[in-house]
Every structure is written in C-alpha cells, then in structure tokens.
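This report refers to the structure that appears directly beneath it.
What follows draws every value from the coordinates through simple rules; no lab data is involved. On a predicted model such as this, the values are computed, not experimentally measured, just so you know. Cβ atoms come from the backbone with ideal geometry, glycine included; neighbour counts cover every protein chain shown.
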Amino acid sequence: MKSRWNETDARDAVERYARAGVAEDLALRTYSARLLGADPSLVLHGGGNTSVKTTAVDLFGEPVDVLCVKGSGWDLATIEPPGHPAVRLTPLRRLRDLDRLSDEDMVNAQRQNLMNPSAPNPSVETLLHAFIPEKFIDHTHALAVLALADQPDAEALIAAVYGDRVACVPYVMPGFDLARRAAEIWESHVALEGLVLINHGIFSFGATARQSYERMIDLVSLAEARLAPVARPPAQAARPAAPADEVLPLLRGVLSQVAGDRWPSHWILDHRADETVMALANDPRLADWAGRGVATPDHVIRTKARPLVLPAPSGDLRAWRGTAVAAVSAFIADYEAYFRRNAARFPTGKTQLDPLPRVIVAPGFGLAGVGRSAPDAAVTADVAQSWAATVLAAESVGRFTPVGEADTFDMEYWSLEQAKLGKSAERRLERHVVVVTGGGGSIGAAAARAFAAEGAQVAVLDLDAAAALAVARGLGRAAFGLGCDVTDPTAVELAFAAVNARWGGVDIVVSNAGTATAGAMVSLSDDQLRSSFDINFFAHQTVARAAVRVFRAQGMGGALLFNVSKQALNPGPDFGAYGTSKAALLALMRQYALEHGADGVRVNAINPDRIRSGLLSETMIAARSASRGVDAATYMAGNLLGEEVTAEDVAQVMVFAAMMRRTTGAVITVDGGNVAAMVR
Ligand SMILES: [Zn+2]
C-alpha cells in the first residue's frame with residue numbers, strides 16, 4: 001500500500017480551507033482523513049474515524065483545548081471541516097475518572113461539550129481519541145490488518161509482524177470501556193505507533209497529520225507483506241451457473257415469497273462476481289466460512305452476522321428456486337433463534353429487526369447485496385466483497401476467526417450503531433424497479449422523474465441514448481439510461497437483461513415510446529402505415545412480452561402501463577396511422593390484462609391528450625390554434641377544466657396507476673375532460 005500524501009495538495013488544502021476560516025490543524029486533518037477514505041481496503045462507507053487535538057477560541061476570546069473528531073453521518077472519503085466537530089477536551093478526559101458510563105450519558109456528555117451545539121454527534125469512538133494524548137489519531141478497519149486480527153493467535157501474529165511498534169487491545173465493544181482499556185494499554189508502553197484492536201481494526205498516532213497517516217500506511221503495508229507470500233489456492237471451477245440476469249429475478253421472487261406479509265416483500269439486489277468473490281463462492285469451504293461471522297463488528301448492521309449460502313443455480317432452475325425458498329426460510333428460523341438467545345441477556349428486551357438475509361452467496365454465481373434501494377444494496381455488496389477478501393486473506397495465513405456471536409449481536413442491536421443507518425421514512429416506491437420506454441421524451445422524462453421522486457429505481461430507455469443518459473443523470477444514484485430501439489426485439493431483451501443484472505428484476509413498466517405519422521388513409525403508403533404499427537403496436541407487444549417474462553420469473557405480480565392516446569378512442573382527421581395503431585394497442589392492453597391477471601400483473605392504459613411534447617411541437621400548436629382562430633394558450637386549455645394538461649400531470653397519473661392495487665384493464669384519461677374521447 002502506497003502513501004497518497006502529496007505535500008503540494010496538502011498545502012493547497014491548508015490555503016483553500018484558510019480562506020473559509022479553518023485553522024491549519026483541522027485543514028490537514030480533513031486532507032489526510034480523505035486520503036484514508038479514498039482507499040476501500042482501509043475504510044468503507046462511513047467506517048473508520050479520525051481526530052486532531054487543537055485549540056479553539058470561545059465567546060470570550062479565550063483559548064479552549066478541543067478534540068476535533070469525526071462526526072456521525074460523515075464519510076471519510078468526502079469529509080469536510082464541519083465533519084470533525086470540536087468537543088471540549090478537558091471535560092471529555094475527566095469522564096475517565098468514572099467507574100461506569102452508560103451509552104446515553106456518554107452521548108449526552110459528548111453533545112454537551114460540543115463547541116457548536118448543532119454539530120453532528122461525535123463518533124462512538126470519541127472517548128478513545130480523547131483518552132489517548134496523541135495529537136493526530138487515525139482509525140481504520142484495514143482489510144490486511146483484519147486478516148491478522150481475526151485469528152485464534154492474533155496477538156502472536158501481530159507481535160511477530162510489528163514487534164513493539166504497536167500493542168494489541170483485546171476485543172471490547174466501542175464506547176467507554178474500550179476507550180479506557182485502550183488508554184491503559186497505550187500508557188503501559190513507550191513510543192507506540194499504533195494499536196491493533198483484535199477482531200476490530202487498527203489505530204495509528206502521530207505528532208503531525210502526515211506522520212499519523214503514513215504510519216497507518218506503513219503498518220497496513222507490513223500486514224500486506226505478511227499475507228502476500230502465501231499463494232492463494234486456485235478457485236475451483238463450479239458447475240456453470242445460469243446467467244445472473246436470469247437468476248436474480250428468481251432470487252428476488254424467493255425473498256418476496258418468504259417475506260410474505262410479515263416482512264418487506266420487495267428488495268433491490270446488487271450482484272458482484274469479481275475474482276475475489278468467485279474464489280470465495282466457488283470454494284468448498286464456503287458454508288463453513290459463512291457461519292463464522294463478520295470481519296469487523298461495524299459491518300454487522302449492513303450484512304447481518306452471516307450470509308445466506310445457496311447451491312449453484314444451474315440445471316433445473318425451478319427446482320433450484322424451491323431449494324432457495326427452503327434455505328431462506330431456514331435462514332430466518334436461525335436468525336430468530338439467534339435473536340431470542342441473545343436478547344434474553346437484556347433485561348429491558350430488544351426489538352427484533354427483519355430476519356431476511358442481506359448477503360446471498362452461491363457457487364458459480366457470486367454474491368448479491370440485498371437492500372431497500374440501489375445505493376443501499378450497493379453499500380451492502382461493497383461490505384460483503386470486503387468480507388470475502390478478508391476471509392480469503394485470513395485463511396491464507398491461518399484460520400479466519402472473527403468476534404463471537406454475543407459480541408456481534410451486541411453490536412447489531414446497539415442503538416448507537418443502528419443510528420448510523422439513519423431513520424429516513426421510506427418513500428412509496430422505494431424497493432421497486434421501473435422501466436420507462438421513450439424516457440428521453442417529454443412524457444417519458446416526466447414519468448422517470450415522478451417515479452424517482454417516489455423512491456423507485458428507474459431505467460430510462462430511449463432510441464436516443466444521449467437523451468436517455470441525460471434524463472437518468474438528473475435522477476441521481478438509483479437510475480440509469482440506455483439506448484434501446486423498442487422495435488428491435490433483441491434490443492428489448494438485452495435492455496431487460498441489463499435491468500435485471502443491475503437491480504435484480506422489474507416491478508413496473510411504462511411502455512410509452514410512440515410516434516405520430518400524419519396523412520389521410522388513402523394517401524398513406526403501406527410502409528408508412530406498417531412503420532406506425534411497428535412502433536405504436538408491435539414495439540409495445542415486444543416490451544410487454546419481455547416485462548411479463550420477468551414478472552412471472554419473480555412471481556411478485558407487476559404493473560404494465562401503456563401510453564395510448566385520445567386517437568385510440570376519438571380519431572382525428574389525417575391521423576389514421578396513429579389512431580389505428582393506438583386502437584390496436586388499446587386492445588393489446590385488454591388482452592394482457594385478461595391473460596395475466598392470474599399472475600398478479602395489472603395492465604392499464606393511460607390516455608393523455610394535447611400535451612406539449614415531441615409529438616405535439618410548438619409549430620404544430622401554432623398551426624392548430626391558428627386554424628381554430630384561437631391563441632396557443634386557449635387551444636392548449638381547450639378541455640372541460642379549461643386548463644392545459646402537462647407532461648408532469650400525465651406522469652402523476654402513471655405513478656398513481658402503478659400503485660392502484662385492485663385496478664386492471666382500465667383506461668385512465670388525463671386530458672382535462674373531452675366528451676368525445678370519454679370511454680363508453
Ligand atoms: Zn472501528
């Protein structure tokens with residue numbers, strides 16, 4: 001592992017932060033914390049913490065000794081100066097005189113001594129940073145160190161690698177007791193560069209930011225060197241598994257089936273199959289390893305204490321699905337027994353979390369992170385990958401022996417750990433995957449935005465790949481854009497496979513892409529009419545067929561929405577190519593509703609009219625309003641409500657239609673009211 005310290009960048013950071021009134025100590029603390037955060041083999045997703053002891057000035061202009069320590073909710077990779085809130089150091093240190101300190105009192109004491117009372121809660125490891133009188137302190141869960149610290153003879157291994165440069169701290173849960181124990185060990189040694197916390201991670205110290213950071217890199221490098229000479233056993237080839245885009249919807253359906261009404265039924269999956277993951281998944285010792293536990297207790301809130309192991313998904317996938325249902329049920333029974341066993345130790349009781357697995361591993365397949373959203377599933381998959389790498393490294397030098405069940409449970413059910421997950425309320429379509437065709441156009445883009453605003457993961461498909469990408473970029477981390485010609489069945493199959501591979505399946509499909517061809521029927525060429533049917537009818541059939549295939553594989557129902565048009569019910573002159581193909585589409589909607597009601601698939605048509613879009617351009621609006629002798633605004637508001645209907649209005653109706661649990665085969669009109677287009 002190489003040091004990323006760059007003196008020019010460090011000086012730049014000092015100057016840049018100085019302009020915002022940040023002192024040099026905190027500027028350098030921020031700079032080197034970000035260097036740690038930049039390496040996922042050191043810390044992941046909010047893991048690790050860092051501090052500096054410095055001086056602040058109070059309201060009277062008097063200097064105060066403070067500890068600037070990582071605040072909860074900040075990630076080292078992106079931390080800024082406010083991410084290290086200043087806490088008065090003297091009262092923190094006095095806490096060491098107490099015999100006992102409850103978690104509540106510890107949190108309160110930390111908050112009471114914040115210089116800025118609106119700052120985030122200081123890290124759960126704040127007291128350790130306070131009790132050890134080193135100026136800069138860096139803490140990571142470095143993978144290479146964990147491979148040595150998760151061993152039955154960890155202390156001997158650590159001593160052999162580091163000599164007297166570091167001392168070991170036996171496992172104690174973070175908080176007051178660990179802080180006291182670590183400080184005692186620090187005091188009983190001279191000139192320590194760091195501490196290795198058995199089953200947990202590593203601390204390094206320094207008089208300067210650079211010294212503390214470079215000691216961390218140096219210490220981790222020594223651990224890497226201890227691991228490197230041991231050749232990793234070659235991964236055994238598993239039986240060839242079915243493609244992940246076919247396996248994932250089955251897995252998603254299995255989770256939903258077992259969850260039933262008791263637990264959340266919809267989950268997003270994030271599949272990983274890199275070399276390390278496959279070496280773990282294909283190893284005959286997988287089941288044994290999976291039962292041992294997490295690499296560092298901090299990870300339990302993401303992955304639970306162990307992953308679910310399934311057999312390789314190959315051969316008869318229906319039989320495999322049955323095996324998977326039994327395995328998830330057994331996992332839940334085990335988790336509930338684990339909960340009862342351990343919760344019994346707490347006189348005040350604990351409330352059981354949902355017992356579903358968060359990581360699923362199978363030979364030939366790799367692993368899947370399970371989450372309530374795409375970013376959540378990705379964090380879990382990242383942590384699981386790091387667990388896989390730690391297990392393989394630990395097994396290459398000895399036996400992976402992490403912290404035991406009781407300590408893992410205490411961490412999983414520690415209120416200060418659960419607080420890290422945040423308490424944000426779930427939005428209505430979180431856990432759901434939506435595909436929107438024609439997503440680059442005005443109604444499609446509005447639909448993509450409306451579904452994303454409800455928390456859904458949204459795949460934006462459009463013939464114009466650049467337009468699809470641009471819309472997806474505006475939706476954040478739970479969206480992606482893909483060029484897709486919906487008149488090409490292969491392209492549609494590939495697009496659905498890509499969505500399955502990305503998120504595990506599909507719940508809602510908005511079949512929206514369309515085009516309007518003008519011309520009287522007698523003057524239309526057959527080619528013009530056929531091409532209108534290609535896009536306005538056959539492409540919808542191709543999309544619906546692909547959607548239903550995924551819906552049936554999952555067995556979780558689904559929602560299919562077709563954008564028909566006023567023309568399907570109320571033809572307009574010179575729009576026969578459009579109207580006849582949309583009328584056929586309306587019949588297609590009814591046919592799918594009829595044939596897939598038993599699969600729980602709801603199929604409905606949205607009937608918008610007179611929406612500013614690629615199909616109704618400003619030029620067309622000008623021509624039509626002129627021919628009616630009215631201005632454009634009057635023309636656009638020419639409906640019973642007298643208000644223009646926008647793409648956003650249509651998108652809202654699509655969202656509602658997708659959530660109408662007992663409605664199928666319906667035409668839902670969004671045109672402001674038009675008697676001639678009313679369904680009869
Ligand atoms: Zn830690």
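Observations on the structure shown:
- From the C-alpha gyration tensor of segment 244-421, square roots of 5λ in Å: 24, 21, 15
- Candidates T390, M659, G73 compared by Cα position along the dipole of the chain: farthest toward the positive end lies M659, with charges placed on Cβ.
- Extension gain from M620 to E62, taking 0.36 nm per residue of separation minus the Cα-Cα distance: 193.7 nm
- Rounded FRET efficiency, nearest 0.05, which uses the C-beta distance separating A466 from Q528 and R0 of 25 Å: 0.40
- 5 Å binning of all Cα-Cα separations within segment 120-202, expressed as whole percents from 0 upward: 3, 15, 26, 28, 18, 8, 2, 1
- You can think of it this way: the chain between A156 and S424 has 92.0 nm of extra reach, that is 0.36 nm per residue less the Cα-Cα gap.
- Selected from Y413, N113, I202, residue furthest toward positive end of dipole (the chain; charges at beta carbon): Y413
- Most tightly packed first, judged by the mean number of other beta-carbon atoms within 10 Å of their residues, the peptides 45-52, 138-145 read 138-145, 45-52.
- Label-zone membership for segment 56-85, site A20, 7 angstrom Cα→C-beta point, backbone N under 19 Å: 56-57, 68-85
- Full-stretch length increase - S188, R341 - with 0.36 nm per residue and alpha-carbon distance subtracted: 51.3 nm
- Gyration tensor (alpha-carbon) shape descriptor, segment 54-137, a/c threshold 1.5: rounded
- Under 5 Å from the amide H of N282 lie the amide H atoms of G364, each residue being 5 or more positions distant or on a separate chain, with H modelled from the backbone and absent for Pro and chain starts.
- Restraint check, K2/K135; K135/K304; K304/K350, Cα-Cα greater than 25 Å: K135/K304
- The trypsin sites (Lys or Arg not before Pro) of segment 343-406 that meet both conditions, a loop assignment by DSSP and at most 13 other Cβ atoms within 10 Å of the site Cβ, are R345, R399.
- Expressed as a fraction of 2.2 N^0.38 Å, the value expected for a compact globular protein of N residues, the C-alpha radius of gyration of segment 7-227 is 0.98.
- Three principal axis extents describe the C-alpha atoms of the chain; from largest down they are 97, 65, 49 Å.
- In this Cβ point-charge picture (+1 for Lys and Arg, -1 for Asp and Glu), segment 218-353 has a dipole of about 560 debye about its Cα centre.
- The mean sequence separation of alpha-carbon pairs under 8 Å and at least six residues apart, normalised by the residue count of the chain, gives a relative contact order of 10 percent.
- With an a/c value of 1.5 or above and a/b not larger than b/c for the gyration tensor axes a ≥ b ≥ c computed over the alpha-carbon atoms, segment 1-52 is described as oblate.
- Report summary: the helix-based calculation at 222 nm, which adds -39500 (n - 2.57) for every DSSP H run with n ≥ 4 and divides by the residues of the chain, gives -13500 deg cm²/dmol.
- Global geometry of segment 16-109, whether rounded, prolate or oblate, following the gyration tensor of its Cα atoms and the 1.5 cut on a/c: oblate
- Among R16, R226, the ranking by other beta carbons within 10 Å of each residue's beta carbon, starting with the fewest, stands as R16, R226.
- Dipole of segment 417-474 [Lys/Arg +1, Asp/Glu -1 at C-beta], most positive-end residue of A450, A466, G438: A450
- Note on segment 102-173 and segment 281-358: Cα centroid distance 28 Å, given to the nearest whole angstrom.
- Dipole magnitude of the chain, debye to nearest 20 (Cβ charges: Lys/Arg +1, Asp/Glu -1, about Cα centre): 1240 debye
- Rounded to 5, percent antiparallel among DSSP beta bridges of the chain: 50 percent
- For segment 553-680, the fraction of C-alpha pairs more than 19 angstrom apart is 53%.
- Spin-label model, E648/T8: points 7 Å from Cα along the beta carbon direction are separated by 4.7 nm.
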